[in-house]
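Okay, so here's the structure we're looking at.
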Amino acid sequence: MSKYNAPLTDMRFVMFDLLKAEAQYARLPGGETATRDVLDAVFDEAAKFAEQVLAPLNAVGDEEGCHFDKTTGTVTTPAGFKQAYAQYISGGWGGLTAPEKYGGQHLPESIGAPLKEMLDSANLAWGMYPLLSHGASEALKQHGEEWQREVFLKPIVEGRWTGTMCLTESHCGSDLGLLKTRAEPAAEGNGADGTYAVTGTKIFISAGEHDFTENIVHLVLARLPDAPAGTKGISLFIVPKFKTGKDGKMRERNAATCGAIEHKMGIKGSATCVMNFDAAEGWLIGPPNRGLMAMFTMMNTARLAVGLQGLALIERAYQNSLVYARERLQMRSLSGAKFPDKPADPLIVHPDIRRMLFTQKAFAEGGRALGYYAATLVDLVERSPDADERKRADELLSFIIPIVKGLLTEVAIECTYAAVQIFGGHGYIHETGIEQFARDARITTIYEGTTQIQALDLLGRKIMQTQGVGLKHFLEEISAFCHANAQNAALAEFVAPLAIAAKDWADLTQAIGKRALANPEEVGVAAVDYLFYSGYVALAYFWARSVAAADASAQSGDFKQAKRSTARFYFARILPRTLTHAATLRASAESLMAMPDAQFG
Ligand SMILES: Cc1cc2nc3c(=O)[nH]c(=O)nc-3n(C[C@H](O)[C@H](O)[C@H](O)COP(=O)(O)OP(=O)(O)OC[C@H]3O[C@@H](n4cnc5c(N)ncnc54)[C@H](O)[C@@H]3O)c2cc1C
């Protein structure tokens, strides 16, 4: 059965040697307590929880799934899930980065990144429950009135309640402008008591019903009467499972019920619910008709969290592939037996097995640097006392998020499939636990905005609508790095191609921008290739930085050499993928768009 060991050495390397997170924390309000001693202890404890409590439940969750009782409308989670949640809460993990005022420890958001990675590597399905609570907490923190935070945020931080995000309806997923759920001011006093009656059906709602906690806070997108059509007429409502008023007292059951759960390809231990709202009592959160904007402000953290899910699965796939490739004996090395005393050589001697292992390692460690970097930007956006620094970090973060989410989840599919391939037939059968990772990874490119939506966000909004301000900041960082290391002979093999890739990225962006001004269809035509292209160049930057940081660190010689070797692999065998994407990006829209739909057959 597949194992998990938290990669603490690399996590610490990325946080402290590469990103210098400790120095950043020291100058941010609330970060003073995040000293190296404290963080080391936090990471050690999180690793124990992930390895010892969550990882053993991963296969259990996959095999058992969740159970729905039609007569009571209740959901039972797989054996051990509820107890693990209780342990998570008693360990204080739920409130790690939440404000102290609402019961949290107020540590910087980026400290949550390694924690999320560990939880998701150990058990992605279980990790969905805290992930959704975190999303709901962010919405309440940023948009709730003070009483709403007291009444609804506090119990979530304390772990007594959980949260959900209710956006999707059967006819609308990517296009939320189509949503029909409605909210009417409550008849009594014409809404004077502040409540609304929320009516509609939401589908695919993660953690919509479960047995972890006494109450669930649903954040529901709905339309007010006479709201404008489309995305400008959507408002956000708090709809608790048990009615809860301003006094914080839980009353009778609300008409917010689970109608069914989905049977699905992966993350089977995560309850994916049909939620029926039948004039359920709700409270408006944020201004009317601004619900989608409220969702957008917290999308950075939610999309980052799903990018980290991709990273988590790559890491888990890599660890298991590596162990197997060392143990499994098949055929001899092409250059002669490497282990003549054994009946055959281990898989790891074969070039194509090495290619797959290196690909997993390069995306795990490079992806960790990229994902944690984005998380440190969240800290600056939320906490920097300097307005200019906040603005720059915000522009950079908005730009990098679709890349983190889009790329890391797409390559998670590649890497988890590579694990199945390395295990051969033993990866395809259920018992080894390897095919579960491939099935679990598949959803990550779909929810929280599909890859296509991330790509359109990147090119259409973050580049075209802002004149590429975030890209400019990022290219400035790359340029500063290349400049600072121009005379560093040990880095020349990475700095020179990185500088070329960065220049090509800027040129290509300009060329696409010009074509898009003439024909808006060009954005959709180019978007996904542009997302991959950008992601591969961004990872090249983090690989070059990783070698520089490793060389300058007190890490072991083997660690430094492995970073350099993996960077060489990345630059020689992954970065050239940009050439294919660039060729496709230079092709006009015609080959894709000219043929009439009817001729597809
Ligand atoms: C397990 C699971 C958990 C989920 N959890 C939640 C949750 O907690 N809360 C919630 O609200 N929702 C949740 N969802 C829903 C999820 O967010 C949606 O499935 C997702 O947004 C896609 O919407 P859709 O399925 O309707 O696909 P559609 O929007 O119909 O898209 C179908 C395909 O068309 C593509 N597409 C759509 N528009 C364009 C375009 N303009 N250009 C190019 N391609 C396009 C999409 O990328 C996709 O490939 C969950 C779904 C699943 C399966």
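When only C-alpha pairs under 8 Å and at least 6 residues apart count, what is the relative contact order of region 385-531, in percent?
28
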Checklist entry - For the chain, what mean projected area does the convex hull of the alpha carbons give, in nm²? => result 29.6
Checklist outcome for this item: For the chain, longest principal axis from Cα atoms; helix 124-143 axis from its Cα atoms; angle between them, nearest 10 degrees, is 60
Next on the checklist: Pairs of alpha-carbon atoms within less than 8 angstrom and 6+ residues apart define the contacts here; what relative contact order does the chain have, in percent?
Outcome noted: 13
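What ranking do 307-318, 105-116, 339-350, 471-482 get when scored by the average of other Cβ atoms within 10 Å per residue, highest first? Don't skip to the end; give the middle numbers.
On the way: 307-318: 30.8, 105-116: 23.7, 339-350: 14.7, 471-482: 17.3.
By packing density, highest mean first, the sequence is 307-318, 105-116, 471-482, 339-350.
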Item to check | Greater than 30 Å apart at Cα, pairs in LYS20/LYS116; LYS202/LYS514; LYS180/LYS246; LYS48/LYS243; LYS70/LYS101; LYS141/LYS202 | outcome: LYS202/LYS514; LYS48/LYS243; LYS70/LYS101
Checklist outcome for this item: Cβ density ranking, 10 Å radius, fewest first, applied to ASP10, ASP388, ASP504 yields ASP388, ASP504, ASP10
Next on the checklist: Please arrange CYS172, CYS166 by how many other C-beta atoms lie within 10 Å of their C-beta, fewest to most.
Outcome noted: CYS172, CYS166
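Rounded to two decimal places and with Rh computed the Kirkwood way over Cα pairs, what is Rg over Rh for region 63-128?
1.08
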Next on the checklist: What is the angle, in °, between the Cα long axis of helix 577-586 and the longest principal axis of the Cα atoms in the chain? Nearest 10 is fine, range 0 to 90.
Outcome noted: 70
Checklist entry - By counting other Cβ atoms within 10 Å of each Cβ, how are HIS581, HIS210 ranked from fewest to most? => result HIS581, HIS210
Next on the checklist: If you fit an axis through the alpha-carbon atoms of helix 81-90 and take the longest principal axis of the Cα set of the chain, what angle between them do you get, 0 to 90°, nearest 10?
Outcome noted: 90
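Read-outs: derived from the displayed coordinates by stated rules, not from any lab. This is a predicted model, so every value here is computed, not measured. With ideal geometry, Cβ positions are generated from the backbone for all residues, glycine too; neighbour counts draw on all protein chains shown.
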